[in-house]
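Okay, so here's the structure we're looking at.
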Amino acid sequence: MDRVFISDFRVEAIVGILDFERVTPQTVRLDLEMAWDHRPAAASENIALALDYAAVAQRVKLCVVEGQFLLVETMAEAIAGILMQEFASPWVRVRVAKPQAVEGAAEVGVQIERGVL
């Protein structure tokens, strides 16, 4: 199966359980992969048959900003659900990272895969 990816997508959002995290937006870094059959779009050069990654990015950003999640795990699950339900991807990989959340580490986070390739 072919894949569409969006890498190093950065969004400013409220995320975390600590008091300061509930009031101060911080950068969340996302890597997204979605299974998609590119053959129909490639054969016809019809953009309507391609996965609209700009629409995906816009929708995911809205989810992350409005969600004000306590856990990155919950954020990852919400994003995966959107990609599978709203964009009809049969398989997704979602990586959510919080840069500089732990002293000495570049970033921490989670990666999940949902669906079937």
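We did not get these values from a lab; they are worked out from the coordinates using the rules stated. This one's a predicted model, so the numbers in the text were calculated from it and none came from an experiment. Counting neighbours? That spans all protein chains shown, and the Cβs are built from the backbone with ideal geometry, glycine included.
For a quick check of your reading of the filter: which GluC sites (Glu not before Pro) in the stretch 29-102 sit in a DSSP loop and have no more than 13 other Cβ atoms within 10 Å? For GluC sites (Glu not before Pro) across the stretch 29-102 that sit outside H, G, I, E and B with at most 13 neighbouring Cβ atoms in 10 Å, the list reads 45, 86. Rounded to the nearest 10 degrees, the angle from helix 53-67 to the longest Cα principal axis of the chain is 30 degrees.
Report, in deg cm²/dmol and to the nearest 500, the calculated mean residue ellipticity at 222 nm for the chain, where each DSSP H run with n ≥ 4 adds -39500 (n - 2.57) and the sum is divided by the residue count.
Working: 3 runs with 35 residues, N = 117.
It comes out at -9000 deg cm²/dmol, rounded to the nearest 500.
Taking the chain as a Gaussian network of alpha-carbon nodes connected by springs under 10 Å, the highest mean-square fluctuation of the residues 15, 65, 102 belongs to 102. In this structure, residue 37 and residue 110 have a Cβ-Cβ separation that, at R0 = 35 Å, corresponds to a calculated FRET efficiency of about 0.80. List the relative contact order of the chain as a percent without decimals, with contacts defined as Cα pairs under 8 Å and 6+ residues apart. Relative contact order for the chain comes out at 27 percent.
Compute the normalised compactness of the chain: alpha-carbon radius of gyration over 2.2 N^0.38 Å, N being the residue count. Let's see the in-between values first.
Working: Rg = 15.2 Å, N = 117, 2.2 N^0.38 = 13.4 Å.
It is 1.13.
Comparing 84, 34, 75 in a Gaussian network model of the chain (Cα springs below 10 Å), the most mobile by mean-square fluctuation is 84.
The distance separating the Cα centre of the stretch 84-117 from that of the stretch 28-78 comes to 11 Å. Using only Cα atoms, find the angle between the long axis of helix 72-85 and the longest principal axis of the chain, and express it within 0 to 90 degrees, rounded to the nearest 10. Between the helix axis and the principal axis of the chain, the angle is about 20 degrees.
Between residue 102 and residue 65, the C-beta separation translates, for a Förster distance of 25 Å, into a calculated FRET efficiency of about 0.60.
Residues considered: 97, 35, 43. Largest GNM mean-square fluctuation over the chain, using C-alpha springs under 10 Å, is found at 43.
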